[in-house]
Amino acid sequence: MKYFIIAGEASGDMHAARLMHEIKVLDANAVFTFFGGDLMKKEGGRLLKHYREMAFMGGIPVLMNIRTIKRNFKLCEKELLKTAPDVLILVDYAGFNLRMARFAKEHKIKTAYFISPKVWAWNTKRAFKIKAWVDEMYTILPFETTFYQSFNYSVDYVGNPVCDIINEFRPGHSDEDSFKITHKLGPEPIIALLAGSRKHEIKALLPIMEKVSMSFPTYQFVVAGAPGIEPGYYNSVLKTNIKVLFGKTYELLFFSKAALVTSGTATLETALLKVPQLVCYKMGLGWFLQFFRKHILKTEHFSLVNLIAGKEVVKEYFQSEVTKRNLNAELHQLLENKAYRERMIAEYNEIEKILKTNGAAKNAARLIVEHMK
């Protein structure tokens, strides 16, 4: 069968590549055409547009690249009609993919969505569009099933790919000392800093995290460098000699005593690696984001860990709450209060039980192939 896949960012490339691999196991004649990245390209097929030419986030970057975005839409529509696939598979990336879902519906092309857009967080009425345009939805968060049921839309929970990736993770070093020696770290216990994957997040959060590090002189703080962010950018933000490690996030967390984490998938990764954490988010336009959270955000929590658990497992700090004093106090609890740490790890174990399946990509691939046949 012919599969047309759209993944518009690095994480989508990774998850789509795993999905393609599982589809090939079930369909020896699978032919892929896609918008994606290098990992998808390794699985075979025709790459039409790399996600580097698509991943524009935020109002200003979108406005600055509006012509490129329009060209990408036109190219996708043209190739979708030309290819006439048996199914269009959309991977997250709501802004682009929901438009293509509507286009596919208008042209009677079957659609499957792997990794739902976070419509449950805000502007929930987008669920009506998904119900109208998407034939099959495969979700990766258990609470999304209940959310879509409220719109009388049946979806399939297939498991969480992050959980699968963490389960497959094996540290490259046998012990903490060898990890430190290899990466020229000191002998002190490690605190991991995950300051976000975008420059505006790093600029807003890393300086505060750096100030916190000064209050814990018996620990060494190490930044997990984000993919696509050049080392020079971290050097321009940091005022001290905090080490930045690239491509070693899981291993860094594995050997860390605690972590300061920017909201996002990283909070779930940290939890599944059983690292005590605090979660924070801060950026410009503080008044607007405070208004957004109070009046527009539809969830009580904003970290994936708490959303999945349905309660507070980790402390969350938002905008004006992200202060040296608050982060210092919570980090002290994470490091010194043994019972507090153990309760958090126990909650992590429960979250892992909730998420565990025999493979999200495998389950999604099986359902996609079954529905097409």
Between residue 332 and residue 274, Cβ-based FRET efficiency (R0 25 Å, step 0.05) works out to 0.80
Spelling it out for residue 246: with amide H atoms placed in the peptide plane at 1.01 Å from N, the residues 5 or more places away or on another chain with amide H under 5 Å from its amide H are 225
Once label points are set 7 Å from the Cα along Cα→Cβ at both residue 41 and residue 135, what is their separation, rounded to one decimal in nm? 3.0 nm
Among 332, 81, 222, whose Cα lies farthest out toward the positive end of the dipole of the chain, if unit charges sit on the beta carbon of Lys, Arg (+1) and Asp, Glu (-1)? 81
Taking the Cα centre of the stretch 167-355 as origin, work out the dipole magnitude from +1 charges on Lys and Arg Cβ and -1 charges on Asp and Glu Cβ, in debye rounded to 20. 560 debye
To make sure I understand the rule: partners must be aspartates and glutamates, Cα under 13 Å from the Cα of residue 257, and not fewer than 8 residues away in the same chain. Which ones qualify? 176, 188, 336, 342
Quick one: Karplus J couplings for the stretch 312-324, per residue in order, coefficients 6.51, -1.76, 1.60, θ = phi - 60°, nearest Hz, x for Gly and Pro? 7, 9, 10, 6, 10, 10, 10, 6, 5, 6, 7, 10, 4
On the formula 1/(1 + (r/R0)^6), with r taken between the Cβ atoms of residue 78 and residue 50 and R0 of 30 Å, the FRET efficiency rounded to 0.05 is 0.95
Violations at 31 Å Cα threshold for listed pairs 24/105; 125/248; 129/274 -> 125/248; 129/274
Take the alpha-carbon centre of the stretch 333-373, take the same for the stretch 199-213, and report the distance between them in whole Å. 28 Å
Aspartates and glutamates within cross-link reach of residue 373: Cα-Cα under 15 Å, excluding same-chain residues under 8 positions apart? 27, 86, 135, 136
Among 183, 21, 50: highest mean-square fluctuation, GNM of the chain, C-alpha pairs under 10 Å: 183
Under the rule of at least 5 residues apart or a separate chain, name every residue whose amide H is placed under 5 Å from the amide H of residue 221. 191
Charges on Cβ only, +1 for Lys and Arg, -1 for Asp and Glu, centred on the Cα centroid of the chain; of 197, 256, 275, which one is farthest towards the dipole's positive end? 197
Taking θ as phi - 60°, what are the ³J(HN,Hα) couplings along the stretch 75-82 by the Karplus curve (6.51, -1.76, 1.60), each to the nearest whole Hz, with x for Gly and Pro? 4, 5, 5, 4, 6, 5, 5, 5
Provide 54, 14 in ascending order of the number of other Cβ atoms located within 10 Å of each residue's Cβ, fewest first. 14, 54
Residues in the stretch 120-150, backbone N under 16 Å from the label point at residue 370 (7 Å along the Cα-to-beta-carbon vector): list them, ranges by number please. 136-139
Starting from the Cα of residue 324, step 7 Å toward the Cβ, then list every residue of the stretch 181-221 with an amide N under 17 Å from that point. 204-219, 221
What size of dipole, in debye to the nearest 20, comes out for the stretch 178-236 about its Cα centre when the only charges are +1 on Lys and Arg C-beta atoms and -1 on Asp and Glu C-beta atoms? 60 debye
Between 0 and 90°, nearest 10: helix 10-26 axis offset from the chain longest Cα axis: 50 degrees
Using Cα atoms only, what is the angle between the long axis of helix 360-372 and the major principal axis of the chain, expressed in degrees (0 to 90) to the nearest 10? 10 degrees
What list of ³J(HN,Hα) values in whole Hz, one per residue of the stretch 83-100 in order, does the Karplus curve 6.51 cos²θ - 1.76 cosθ + 1.60 (θ = phi - 60°) give from phi, with Gly and Pro shown as x? 6, 6, x, 6, 7, 9, 10, 9, 10, 6, 6, 4, x, 7, 6, 5, 5, 6
If one takes the longest principal axis of the Cα atoms in the chain, at what angle in degrees, from 0 to 90 and to the nearest 10, does the Cα axis of helix 338-355 lie? 10 degrees
Which cross-chain or sequence-distant (5 or more) residues have an amide H under 5 Å from the amide H of residue 137, H modelled 1.01 Å from N in plane? 113, 156
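Throughout, read-outs are computed from the coordinates displayed, never taken from laboratory work. Everything numeric in this text was worked out from a predicted model, so none of it was measured. Cβ atoms come from the backbone with ideal geometry, glycine included; neighbour counts cover every protein chain shown.
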